[in-house]
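The values are calculated or read from the model by the stated rules, or taken from the named source; none is laboratory data. Please read all numbers here as calculations on a predicted model, not as lab measurements. A quick note on method: Cβ atoms are made from the backbone with ideal geometry, for glycine too, and the neighbour counts reach across all protein chains shown. Side chains included, ligands, DNA and RNA excluded: accessible areas come from the protein's heavy atoms. Shrake-Rupley method; radii C 1.70, N 1.55, O 1.52, S 1.80 Å.
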Amino acid sequence: MDSFLITHFAGRSERDVRHSDAERQLLAAREIARQARTGRTHYLILRSPEEAGDAARLREVARILRARYPGLMCIELSTKFDHRLKEYDRFRPFLDLLPKR
């Protein structure tokens, strides 16, 4: 996930890639936070794994990403069916915002 966020938000030019990963991570975090302040929020949608241990690790990864990239919103989708119905109603419209293949 770090690689994707760094590439997407810290640039891909030769000038950008000369910086260390830590420097580019800081640039990406600043860009995500700037966009969030100006009304453009980026979301990471996660599916809850079946195994409890995997779910705990996923939540820890999401916590780390939120700490590294203020402004990035992490949403975990539930595996419970009644939650799925509510999530469908609430979040399905976001899929219409994504580019069509």
Go through (1) farther than 26 Å from residue 92 by Cα; (2) of a type in the set (S, T, N, Q); (3) at pLDDT 90 or above; (4) exposed (fewer than 14 other Cβ atoms within 10 Å of the Cβ) for residue 13 and report which single condition fails. (3)
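Conditions tested, residue by residue: (1) at pLDDT below 85; (2) at negative phi; (3) out of contact with any strand residue (DSSP E or B) (no Cβ under 8 Å at 6 or more places or on another chain).
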{"site": "45", "(1), (2), (3)": "no, yes, no"}
{"site": "54", "(1), (2), (3)": "no, yes, yes"}
{"site": "81", "(1), (2), (3)": "no, yes, yes"}
{"site": "101", "(1), (2), (3)": "yes, yes, yes"}
Name every residue in region 71-90 that is more than 24 Å from residue 28 (Cβ to Cβ), open to solvent by less than 100 Å² (accessible area, probe 1.4 Å) and either among the β-branched types (Val, Ile, Thr) or out of contact with any His (no Cβ under 9 Å at 6 or more places or on another chain) (or both), in order of residue number. 78, 79, 82, 83, 85, 87
Every residue from region 36-70 that is open to solvent by less than 40 Å² (accessible area, probe 1.4 Å), farther than 15 Å from residue 6 by Cβ and touching a residue at least 24 places away in the same chain (Cβ under 8 Å): 36, 46, 48
Residue selected from region 74-96 under the condition outside any helix (DSSP H, G or I) and among the charged types (D, E, K, R), by the criterion farthest from residue 42 (Cα to Cα): 80
If the Cβ limit is 7 Å and pairs must be 6+ apart or interchain, which residue in region 72-85 that is closer than 16 Å to residue 58 by Cβ pairs with which residue that is open to solvent by 60 Å² or more (accessible area, probe 1.4 Å) and in a strand (DSSP E or B)? 73/43; 75/43; 75/45; 77/45; 77/47
